[in-house]
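Remarks on the structure that follows.
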Amino acid sequence: EVQLVESGGGLVQPGRSLKLSCLASGFTFSNYGMNWIRQAPGKGLEWVASISSSSSYIYYADTVKGRFTISRDNAKNTLYLQMTSLRSEDTALYYCARSTTYWGQGVMVTVSS
Amino acid sequence: DVVMTQTPPSLSVAIGQSVSISCKSSQSLVYSDGKTYLHWLLQSPGRSPKRLIYQVSNLGSGVPDRFSGTGSQKDFTLKISRVEAEDLGVYYCAQTTHFPNTFGAGTKLELK
């Protein structure tokens, strides 16, 4: 069974940093591209970043480009999202997803002073 | 960026009724491999999104055949035949043909 388990969220002040992790199991992690997708409270889905299976290709939404870094460790079956210079508008539930097929339960990030 | 326009924003339905949701993209969603990466997701209250249909018309694993998807190029439709209580929630169309991947704003399906 495919499982994606996010961690690392929490309350952080504007301008600070936070690193999210997503531990994958139930499939060969190194064979698949992965994504981070977020959902602000009461809002719709917003794609954040994608990384190919070998990290050769990386894409970011304009709203996070230059502030967020997506990465992966295939030996640890783990996807990461390093978030810096956080803003209040980054407050959201962050999902780790394999394509649109499999989603984690999400991890909440709240940016507030 | 590809804009996904989803209508209606909400639907009030009775159990057993059939409904359709429209999704129109600002650009063709046909990729260079000839496939169209348009998908439909359902987010039930308090849950993570679940993929219902992939590549326009392919039913996801375990998804009942009351759900069907049609369309091409820039115009797509999700149809739910005989709505059941478990179908309630917010439906999203999503395109993964182009980066950035984008989502429709959602259609909230509620009980009448």
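Laboratory data are not the source of any read-out in this text; all were calculated from the coordinates shown. What you see is a predicted model, and the numbers here were worked out from it, not measured in a lab. Note: ideal-geometry Cβ built from the backbone for every residue, glycine included; neighbour counts use all protein chains shown.
Residue ranges A:93-101, B:29-37 sort as A:93-101, B:29-37 when ordered by packing (mean number of other C-beta atoms within 10 Å per residue, highest first).
Taking R0 as 25 Å, what FRET efficiency do you get between B:R66 and B:T5 from their Cβ-Cβ distance, rounded to the nearest 0.05? Could the numbers behind the result be given before it?
Values: r = 25 Å, r/R0 = 0.99.
Here the calculated transfer efficiency is 0.50.
A Cα-only calculation for region A:37-86 places Rg and Dmax at 11.8, 36 Å. The residues neighbouring A:Q105, those whose beta-carbon lies less than 13 Å from its own, together hold a net charge of +1 under the Lys/Arg +1, Asp/Glu -1 convention.
For region A:55-91 versus region B:1-77, the inter-centroid distance based on Cα atoms is 27 Å. Entry note: the protein assembly as shown has Rg to Rh equal to 0.97, where both radii use alpha-carbon atoms and Rh is the Kirkwood radius.
What does the extension gain come out to for B:D33 and B:S57, with contour length at 0.36 nm per residue minus their alpha carbon separation? Mind dumping the intermediate values first?
Values: separation 24, 0.36 × 24 = 8.64 nm, distance 1.69 nm.
7.0 nm is the gain from fully extending B:D33 to B:S57.
Other residues with beta-carbon under 14 Å from the beta-carbon of A:V12 carry, at +1 per Lys or Arg and -1 per Asp or Glu, a net charge of +2.
Relative contact order of chain A, please, whole-number percent, based on alpha carbon pairs below 8 angstrom and at least 6 residues apart. Could you put the intermediate results ahead of the total?
Working: 274 pairs, mean separation 41.6, N = 113.
With pairs under 8 Å counted, the relative contact order is 37 percent.
Computed over Cα pairs, the Kirkwood radius of region B:15-112 leads via Stokes-Einstein (1.567 mPa s, 4 °C) to a diffusion coefficient of 95 µm² per second. Exceedance of the 21 Å cut-off in Cα-Cα distance is limited, within the set B:K35/B:K74; B:K24/B:K79; A:K43/B:K74; B:K79/B:K112; A:K19/B:K50, to A:K43/B:K74; A:K19/B:K50.
Taking the beta-carbon count within 10 Å as an exposure proxy, list B:T102, B:T5, B:T77 from fewest neighbours to most. Let's see the in-between values first.
Values: B:T102 21, B:T5 13, B:T77 16.
Starting with the residue having the fewest Cβ neighbours, the order is B:T5, B:T77, B:T102.
Within the shell defined by Cβ-Cβ distances under 12 Å, the residues around A:Y94 carry a net charge of -1, with Lys and Arg each +1 and Asp and Glu each -1.
Taking every pair of Cα atoms in chain A, average 1/r, invert it to obtain the Kirkwood radius, and report Rg/Rh to two decimals.
On the Cα set of chain A, Rg over Rh gives 0.95.
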